[in-house]
Amino acid sequence: MTQRITKAVIPAAGLGTRFLPATKAMPKEMLPVVDKPAIQYVVEEAVAAGLTDVLVVTGRNKNALENHFDRVAELEATLARKGDTVKLEKVNESTGLADMHYVRQGDPLGLGHAVSRARMHVGDEPFAVLLGDDLIDARDELLTKMLAEQVERDASIVALLEVDPDSIHLYGAAAVEATGDPDVVRVTGLVEKPAKEDAPSNYAVIGRYVLKPEVFGVLARTAPGKGGEIQLTDALMTMAEDVEGTGGVYGVVFRGRRYDTGDKLDYIKAVIQLAADRDDLGTDLKTWLAEYTSTFEAD
Ligand code: UTP
């Protein structure tokens with residue numbers, strides 16, 4: 001019988017250098033996207049897909065992350081005293097979301113290294129990895145499909161997004177073969193941040209994975225790659241070749257809305273897009289935006 005997948009791992013120990021100085025004393029996963037830290041959207045996505053146990057891999061600024069998912073008695077008491085139930089609900093939104101756990105990465109030796117820090121907690125079960133600075137629109141399904149494919153194919157699953165060939169150098173690119181399902185491909189190879197002419201396809205690996213526990217053994221044998229870091233992509237490449245009987249890798253093609261909050265321009269776009277869709281902000285924001293952008297021609 002197949003075991004239900006319950007665990008999510010969120011690596012949030014990167015240095016976030018593209019966002020300095022905002023990330024000097026705060027992880028980039030805590031940057032607010034409208035009025036919620038990016039990581040809260042990601043935890044909500046995991047919970048919506050049925051994952052109940054969330055392990056966050058933290059770095060030097062772990063306190064902000066841990067505090068965000070914890071109770072804050074003084075603030076709760078003040079709001080309760082004032083009878084401000086709306087704000088009280090906002091405070092409590094992140095508290096009871098999931099069973100939260102934390103592990104330190106120590107040195108930020110790469111995404112692969114961060115994932116390997118989850119080994120003790122995850123044990124011998126498939127698990128999901130969600131990057132804390134990559135947001136998938138809650139209205140578009142991705143993780144649920146990936147979890148189902150993992151069970152169905154008994155393989156590791158990555159999320160793929162078709163990108164402009166001019167942007168493929170920013171991602172891991174996948175070499176793929178078709179399957180009977182137009183939304184699923186078999187991954188035959190992966191190249192980390194290839195030049196446009198070396199990219200095997202325009203399929204970029206984005207920050208959602210459902211991995212078999214064999215990845216831990218593979219990561220332990222993976223030498224530092226690009227940037228001297230232990231790359232998850234390198235371990236997935238070994239698994240895609242299935243040389244060690246690790247089950248292979250499949251890609252679920254995502255055609256929905258994704259926001260990269262680790263990149264400055266994309267972060268700004270994410271805030272505007274998500275705010276424009278909100279009932280409480282959308283109308284006023286769109287009116288102002290239209291007025292504001294109409295001044296651009298004149299400049
Ligand atoms: P990035 O490469 O986007 O993160 O890693 P970074 O290194 O923090 O970013 P910049 O380039 O300096 O701005 C992707 C994800 O992996 C995590 C990051 O927190 C991010 O969610 N990560 C990366 C770790 O947890 N540990 C690492 O050693 C590296």
TODO: Kindly check whether there is at least one residue in the stretch 88-107 that is open to solvent by 70 Å² or more (accessible area, probe 1.4 Å), of a type in the set (Ser, Thr, Tyr) and more than 30 Å from Leu219 (Cα to Cα).
DONE: no
- [ ] Go through the stretch 90-114 and give me each residue that's of a type in the set (S, T, N, Q) and in contact with a Lys or Arg (Cβ under 6 Å, 6 or more places away or on another chain).
- [x] Thr95, Gln105
Task: Which listed residue is within 27 Å of Arg104 (Cα to Cα), in contact (Cβ under 8 Å) with a residue 24 or more places away in the chain and either more than 16 Å from the ligand (Cβ to nearest atom) or loosely packed, with under 15 Cβ neighbours inside 10 Å (or both), from Leu160, Leu142, Leu147 - done: Leu147
- [ ] Find the residue count for the stretch 158-182, including only residues that are within 20 Å of the chain's Cα centre (by Cα) and not in a helix (DSSP H, G or I).
- [x] 10
Open item on the list: Take residues that are more than 16 Å from the ligand (Cβ to nearest atom) and in contact with a Leu (Cβ under 6 Å, 6 or more places away or on another chain) and tell me which of the helices (runs of 4 or more DSSP H) falling wholly in the stretch 70-139 contain 1 or more.
Closed with: 73-82, 85-93
Task: Residue count for the stretch 8-43, restricted to those that are more than 10 Å from the ligand (Cβ to nearest atom), assigned to a loop (DSSP other than H, G, I, E, B) and touching a helix residue (DSSP H, G or I) at 6+ places or on another chain (Cβ under 9 Å) - done: 6
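Among the residues of the stretch 7-31 satisfying the criterion of being surrounded by fewer than 16 Cβ atoms within 10 Å (Cβ to Cβ) and touching a residue at least 24 places away in the same chain (Cβ under 8 Å), which is nearest to Ala275 (Cα to Cα)?
Result: Arg18.
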TODO: Report, ordered by the first and then the second residue, all pairs with beta carbons closer than 8 Å, sequence separation of six or more or different chains, a first member in the stretch 227-239 that is farther than 19 Å from Ala155 by Cα, and a second member that is assigned to a helix (DSSP H, G or I) and more than 9 Å from the ligand (Cβ to nearest atom).
DONE: Ile230/Ser116; Ile230/Leu219
Open item on the list: Please go through the stretch 26-49 and give me each residue that is touching a Leu at 6+ places or on another chain (Cβ under 7 Å) and small (Gly, Ala, Ser), ordered by number.
Closed with: Ala38, Ala46, Ala49
Open item on the list: Restricting to the stretch 230-256, give me the number of residues that are crowded, with 20+ Cβ neighbours inside 10 Å and part of a strand (DSSP E or B).
Closed with: 4
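Using the structure shown, decide if Ala49 is away from the ligand (no atom under 16 Å from the Cβ), open to solvent by 20 Å² or more (accessible area, probe 1.4 Å) and closer than 16 Å to Leu131 by Cα.
On the way: away from the ligand (no atom under 16 Å from the Cβ): yes; open to solvent by 20 Å² or more (accessible area, probe 1.4 Å): yes; closer than 16 Å to Leu131 by Cα: yes.
So Ala49 passes the test.
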Task: Yes/no for Tyr259 being crowded, with 20+ Cβ neighbours inside 10 Å, out of contact with any His (no Cβ under 6 Å at 6 or more places or on another chain), at pLDDT 95 or above and assigned to a strand (DSSP E or B) - done: no
Task: Verdict on Thr78 being farther than 21 Å from Pro11 by Cβ, at pLDDT 90 or above and open to solvent by less than 50 Å² (accessible area, probe 1.4 Å) - done: yes
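The values are calculated or read from the model by the stated rules, or taken from the named source; none is laboratory data. From a predicted model like this one, the values you see are computed outputs, not experimental measurements. Don't worry about glycine lacking a Cβ; one is built from the backbone with ideal geometry, like all the others, and counts go over all protein chains shown. For accessibility, only protein heavy atoms count, side chains too; no ligands or nucleic acids. Shrake-Rupley method; radii C 1.70, N 1.55, O 1.52, S 1.80 Å.
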